[in-house]
1. Here is a list: A:178, A:203, A:187. Which entry is under 30 Å from residue B:166 (Cα atoms) and crowded, with 19+ Cβ neighbours inside 10 Å?
2. Restricting to segment A:171-216, name every residue that is facing another protein chain (nearest Cβ under 8 Å) and either in contact with a strand residue (DSSP E or B) (Cβ under 6 Å, 6 or more places away or on another chain) or touching a residue at least 40 places away in the same chain (Cβ under 8 Å) (or both).
3. Output the qualifying pairs, or none if there are none: Cβ atoms under 6 angstrom, residues six or more apart or on different chains, first residue in segment B:117-130 and more than 14 Å from every other protein chain (Cβ to nearest Cβ), second residue surrounded by fewer than 11 Cβ atoms within 10 Å (Cβ to Cβ).
4. Touching a helix residue (DSSP H, G or I) at 6+ places or on another chain (Cβ under 8 Å), buried (at least 16 other Cβ atoms within 10 Å of the Cβ) and at negative phi: is that true of residue B:121 in this structure?
5. With (1) under 25 Å from residue A:139 (Cβ atoms); (2) exposed (fewer than 14 other Cβ atoms within 10 Å of the Cβ) as the list, and residue A:260 as the residue in question, which single condition is left unmet?
6. Which of the following residues is more than 28 Å from residue A:256 (Cβ to Cβ), modelled with pLDDT of 90 or more and within 19 Å of the chain's Cα centre (by Cα): A:94, A:183, A:140?
7. So residue A:153 passes all but one of these: (1) in a helix (DSSP H, G or I); (2) away from chain B (no Cβ under 14 Å); (3) without any contact (Cβ under 8 Å) to a residue 60 or more places away in the chain. Which condition number does it fail?
């Protein structure tokens with residue numbers, strides 16, 4: 001018997017003519033399908049990374065052994081620059097990712113909830129916005145925001161300058177917003193229909209059902225993909241160097257230039273950049289997997 | 001509404017010539033039945049015959065294309081219907097229990113009266129504990145649905161519906177997903193309810209149970225009521241060949 005009871009926006013097919021990626025879909029509690037990046041990162045044993053980094057550092061030792069400027073000199077240069085690179089540069093990467101995630105999450109939750117609205121006029125624009133920002137290259141969004149936003153705003157007599165890193169935050173929060181919206185929508189969709197029906201039959205309004213029954217169950221399911229997106233966002237922050245934001249990669253390049261652009265410096269400096277991103281994202285990826293496992297058992 | 005002229009001597013649920021389709025598939029093809037206050041009716045029939053759809057229409061979980069369903073004189077097939085008011089009068093228990101997994105048994109029972117009916121939490125808790133005792137689940141108040149067996153979950157679901165003080169209870173194949181040994185505890189809970197005078201509409205495959213508690217049995221097949229009658233005549237003197245065939249397969 002066809003018992004399917006359609007609830008507008010929940011289990012109706014999203015209608016859009018855009019050529020789009022498949023929407024986020026959580027198959028079961030804590031098992032969202034597209035945690036591939038986190039999975040891959042977390043499932044890599046530490047020794048593999050040590051081995052890779054060792055190879056990266058040892059190889060140039062041999063190839064440049066003949067030249068006067070040794071790898072040891074290059075590493076000494078790196079050590080001199082590390083405080084500058086980390087406090088001036090990587091801190092900015094963290095700040096940018098933090099604010100982009102914060103704004104992106106808030107906007108994404110609103111957009112995700114709009115996508116399940118029973119009203120077509122709220123649902124449709126939300127779906128279009130989501131698909132547009134999910135499927136745009138991040139770098140393009142960054143450039144658009146950079147060029148579209150003014151350099152300064154005049155309010156009365158005071159002139160407020162908008163620093164580049166603030167623009168970078170806005171640029172990066174757009175794709176995060178769209179992807180978090182899909183996480184929210186996917187999590188809400190993954191709650192069985194029976195929960196809606198049970199609440200309905202107890203005379204709950206749609207609003208009450210959503211906030212008291214459905215969303216509390218979604219919250220746990222959203223945490224792992226949410227953290228996954230944070231890790232991806234952090235990895236994407238070096239894109240801001242193209243906008244001239246003084247973050248890790250920009251400062252590394254400046255440091256290399258200050259050291260006379262010697263080619264021997266490339267591997268230590270960019271290797272260090274890799275290492276520091278890894279050190280930051282690896283624990284997040286591990287925690288994501290751990291949370292995923294814990295919630296999978298519970299629900 | 002002006003339709004509150006309903007009195008006890010009229011049917012509490014009156015279904016007249018109801019038609020319902022899912023797309024091109026017509027699942028109800030003109031169903032009529034009357035249920036009096038305090039009556040227990042059972043709807044039986046092969047799967048796909050529209051039994052569940054029919055009782056889901058009574059509390060407007062499914063809408064109907066044509067015909068009339070009146071609950072306490074209130075027309076359900078009305079686009080201006082206040083569904084919330086209807087659902088406060090009509091409780092429903094599902095095959096899959098559908099308890100809220102993030103709340104304990106007691107919270108599951110207390111939530112709707114507090115949040116929907118805005119009743120005093122202390123009173124609601126007192127009543128919820130009485131209901132837990134009534135469905136024989138003392139000691140399980142603080143268990144989460146995941147920690148309860150199917151039969152226990154289903155009894156919590158019954159108590160959750162009863163907490164809203166409904167006038168009518170709908171049971172949609174409530175024992176179909178249960179282990180054979182836990183079926184009985186749920187049936188006992190329903191029987192207690194029926195004996196207290198609650199109006200019940202059940203969709204069931206438990207023929208022995210239907211025979212025992214029903215005041216009236218309806219047999220549906222392919223969207224129509226083939227035959228109906230009190231259990232004594234229905235089971236022993238079924239006239240329609242389809243009913244006889246169905247009963248011979250089940251009994």
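The values are calculated or read from the model by the stated rules, or taken from the named source; none is laboratory data. As the structure is a prediction and not an experimental result, all values here were calculated from the model. Cβ placement follows ideal geometry from the backbone for every residue including glycine, while neighbour counts extend to all protein chains displayed.
1. The conditions single out A:203.
2. If the condition is that a residue be facing another protein chain (nearest Cβ under 8 Å) and either in contact with a strand residue (DSSP E or B) (Cβ under 6 Å, 6 or more places away or on another chain) or touching a residue at least 40 places away in the same chain (Cβ under 8 Å) (or both), then A:197, A:201 are the ones that fit.
3. none
4. no
5. Here residue A:260 clears every test but (1).
6. Result: A:183 is the single residue among A:94, A:183, A:140 that is more than 28 Å from residue A:256 (Cβ to Cβ), modelled with pLDDT of 90 or more and within 19 Å of the chain's Cα centre (by Cα).
7. Only one criterion is unmet by residue A:153, namely (1).
Per-residue answers, yes or no, for (1) touching a residue at least 12 places away in the same chain (Cβ under 8 Å); (2) in a loop (DSSP other than H, G, I, E, B); (3) in contact with a helix residue (DSSP H, G or I) (Cβ under 8 Å, 6 or more places away or on another chain):
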| residue | (1), (2), (3) |
| --- | --- |
| A:250 | yes, no, yes |
| A:254 | no, no, no |
| A:261 | no, yes, no |
| A:270 | yes, no, yes |
| A:284 | yes, no, yes |
| A:287 | yes, no, yes |
| A:290 | no, no, no |
